[in-house]
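The values are calculated or read from the model by the stated rules, or taken from the named source; none is laboratory data. Keep in mind the model is a prediction, meaning the values are calculated, not measured. In this analysis, Cβ positions are derived from the backbone assuming ideal geometry, glycine residues included, and neighbour counts consider all displayed protein chains. Please note that ligands, DNA and RNA were not included when accessible areas were found on the heavy atoms of the full protein model with its side chains. Shrake-Rupley method; radii C 1.70, N 1.55, O 1.52, S 1.80 Å.
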Amino acid sequence: MNFTVKHSLPGRIRIGYDKKQVTKRQAALAYSLLSVQEGMTDVSVNYTVGSFLIYYDTKILSEKHIRAYFMALSEKYLNNQEMLDSVEEPHEEDSLLFNLAVMTASHYLKQLLPAPVRLALRVWSLAPRILMGVEEVAKGNVFHSEVLDAAAISMALVTGDTKTASNINFLLNIGDTIEEFTRKKSYSDLADKLLSQNDQVQLVCKEENGEISEKTVPLHVIKKGDTLAVRTGSVIPVDGTVLKGEALVNQATITGEPLAVEKREQSSVFAGTIVQEGEIFIEVRAVGSQTKVQNILTMIDNSQQLKVSSQVRSENLANHLVKYNFLLSLGTFLFTRNLTKVMATLMVDYSCAMKLAAPIAVLSAMKEAASNGIIVKGGKFLENACLADTVVFDKTGTLTHASPQLAEIYTFEGRAENEVLAIAACLEEHFAHPIASAIVKAAEDRRILHPEEHAKVEYIVAHGIATTLHGKKLLIGSRHFIFEDEECAAPENLEEIQKNALERGESLLYLAEEKKIIGIFAINDPVRKNAAEIIRLLHKSGVKNCVMITGDDEGAAKNAAKLTKVDHYISRALPEDKVSYIEKQKKLGHKVIMIGDGINDAPALAAADTGIAMGDCADITGETADIVLSAEDGLLGLYKTRKLGSLLMERIDTNNRNIVAVNTSFMFLGLFGIISPSLAALLHNASTVMFSVNAMRPLLGPSQAQD
């Protein structure tokens, strides 16, 4: 690839390429190949000007390395048809100004044609809009905006004023084009924001020495034929075929089946389904980025069905007010017999602006949430979040910091600390949970190797992990799991260890071999720095009850509750206890938010009016949740979400009041002959665009996000 360095700074470089020599698809392939290189933190390509903008880690790469990568992009890669087929052809966005210019030129150039041809073209262009009105009447929808438009145009034709009819139709077409562009722009902007979340997947690679390894890469770089590893609690990111492994896969998002289906070698799997238990290696059948795109587009489509109450009121009000347009027009005709004034009143309605501005406001709010790293799966959930009076928090990874630390190890049966830590890390490394991460990190810090010698790992939700090693049964998990469910023998000094942990606010994790405790791990789980402040803000915004429900021991729970200032807490809770509490609150008439991050929180998230997942949650939790917060903002995202929902409903209601006031003014201006029907149509369309643009303005200012 021939290239030139346009601009370069440490960690940032812009490289131009010749668009005559490199096609858009080849540039897209180059982008895909560059994105997976170690040290590349962000890569973007501008197909219009022909340039790549690359951000890189200066500790790993230099400008010299970047140049070398571009030099390596030879015909061997860029002309490889199989590789080209694995990337999507970039598409150009429609130009609103170009489309409007073409429509305007076409409308006025028709004036130069001979009268018979001009008349025929006018009738041909007017027919679709008249037929739309007739179709609505045939359906029984007499009071509809299309019927109003058709009536005004028909009236102009009946009076022989074809020029006015043509002008009205032209202005209506201009308005429709702008409205459709605005709607699509809101839709695509939201999709782009959600796509920028940059999901990570486990790519299985074969090294030069023949060894197999795994590499974490962005989803968008995955190609057909790649192999991915997917394990318990993770979402399957692509359509593909299982090469090896076994798993129970929940396919409810595809088939609606409530029970998981067993998948093994040669089984087909689909993007968006969830591995409930097991481990599978998948050969990619469909391009990973495209399955993600489709999931996002489906989510946005579904979100349109999850309307906020203000949006529903807008649509009902718009439909209700159409009849008054007709009544005003009828009254105008009866009292004035002036068809021009009648047409002017017909050209203005409330329906267009209300039905366009409200959904655009919702899409824009969802886009703004995405800009803050918050994924909202429907406007309804923003509304529910701001109306909630009860918030139920999980503790570990939610109210507490996302990275707990191993504070102390107690050993038994003559075992060494490093030995029990190696065993625990070997079991816990398979699962995305903060406490599991603390164990694995402690082993890494001590440079302890823990090769996988155990059998298949079984994860028991909210309890622990079971497996076998050298023919002996291993268990690791909570006190409830180890001593009550599995009836393991308690060591002599257990009470003293538990008392010390209680005083220090530590959680305990128990490791047993053949029903005997061989290790106890004390986990220090510091609360998030802003947790108490966020709970204060939630109370200030109208939340009456902030509750923490956790499976941790009393000591850790009490300590966290004291520091975060929740109203009350429940310790040693199972997943069903969280669900039971939420359902009880809902029966009492409360609107409930549940916020958590672990696999065990998924049932409670589904039970709440609004389920909210932390940004670094397990995949299955994120799929179950209605809203997923930013990992960066943490709990602040919860308050932002609540504030965003409140401002969204306020904006829709304010827009509706202004739409009624402005369009009523236009009606009376037409009624008194101050403006013509064509000018009324122009002003009406202009106001619709104005209200739509207003609906797209950001809701959260810097101060509103914090106060």
Residue list for the stretch 553-573, filter: in contact with a Lys or Arg (Cβ under 6 Å, 6 or more places away or on another chain) and not hydrophobic (A, V, I, L, M, F, W, C): none
Pick from the stretch 242-263, criterion β-branched (V, I, T) and either open to solvent by less than 30 Å² (accessible area, probe 1.4 Å) or more than 18 Å from V284 (Cβ to Cβ) (or both), ranking: modelled with the highest pLDDT: V242
Single residue of the stretch 200-222 satisfying the filter (open to solvent by 50 Å² or more (accessible area, probe 1.4 Å) and either touching a strand residue (DSSP E or B) at 6+ places or on another chain (Cβ under 9 Å) or of a type in the set (V, I, T) (or both)) that is farthest from E458 (Cα to Cα): E207
Hey, D707 acidic (D, E) and at pLDDT below 80 or not: yes
Of residues in the stretch 605-618 being in contact (Cβ under 8 Å) with a residue 60 or more places away in the chain and more than 17 Å from I274 (Cβ to Cβ), the one most open to solvent (accessible area, probe 1.4 Å): D616
Qualifying residue in the stretch 99-110 (condition: among the basic types (K, R), buried (at least 17 other Cβ atoms within 10 Å of the Cβ) and more than 31 Å from the chain's Cα centre (by Cα)): no
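Table: residues versus (1) more than 24 Å from V342 (Cβ to Cβ); (2) not in a helix (DSSP H, G or I).
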{"residue": "H107", "(1), (2)": "yes, no"}
{"residue": "F143", "(1), (2)": "no, yes"}
{"residue": "D149", "(1), (2)": "no, no"}
{"residue": "S154", "(1), (2)": "no, no"}
Every residue from the stretch 37-47 that is part of a loop (DSSP other than H, G, I, E, B) and either free of Cβ contacts under 8 Å to residues at least 12 places away in the same chain or over 19 Å from K24 (Cα atoms) (or both): Q37, E38, G39
For A680: the one exception among (1) touching a Gly at 6+ places or on another chain (Cβ under 8 Å); (2) open to solvent by 10 Å² or more (accessible area, probe 1.4 Å): (2)
Residue among L669, L644 that alone is at pLDDT below 90 and either open to solvent by less than 10 Å² (accessible area, probe 1.4 Å) or more than 15 Å from I534 (Cα to Cα) (or both): L669
Subset tally (residues that are of a type outside the set (D, E, K, R) and free of Cβ contacts under 8 Å to residues at least 60 places away in the same chain) for the stretch 406-424: 4
Residue satisfying all of: in the stretch 219-241; among the aliphatic types (A, V, I, L, M) and more than 27 Å from Q81 (Cβ to Cβ); modelled with the lowest pLDDT among these: V235
Tally, over the stretch 567-604, of residues that are in a loop (DSSP other than H, G, I, E, B), of a type in the set (D, E, K, R) and either crowded, with 22+ Cβ neighbours inside 10 Å or modelled with pLDDT under 90 (or both): 2
Residue match in the stretch 481-489 (condition: of a type in the set (D, E) and open to solvent by less than 30 Å² (accessible area, probe 1.4 Å)): no
Residue within the stretch 165-182 that is open to solvent by less than 40 Å² (accessible area, probe 1.4 Å), at pLDDT 80 or above and over 22 Å from S44 (Cβ atoms) present: yes
Unique residue being under 20 Å from the mean Cα position of the chain (by Cα) and on the phi > 0 side of the Ramachandran plot when the list is G634, G589: G634
The one condition in (1) among the hydroxyl-bearing types (S, T, Y); (2) surrounded by 18 or more Cβ atoms within 10 Å (Cβ to Cβ); (3) at pLDDT 75 or above that S186 fails to fulfil: (3)
Check on V660, in contact (Cβ under 8 Å) with a residue 40 or more places away in the chain and farther than 30 Å from R337 by Cα: no
Per-region count, the stretch 500-534, residues under 39 Å from the mean Cα position of the chain (by Cα), within 29 Å of L474 (Cα to Cα) and of a type in the set (S, T, N, Q): 2
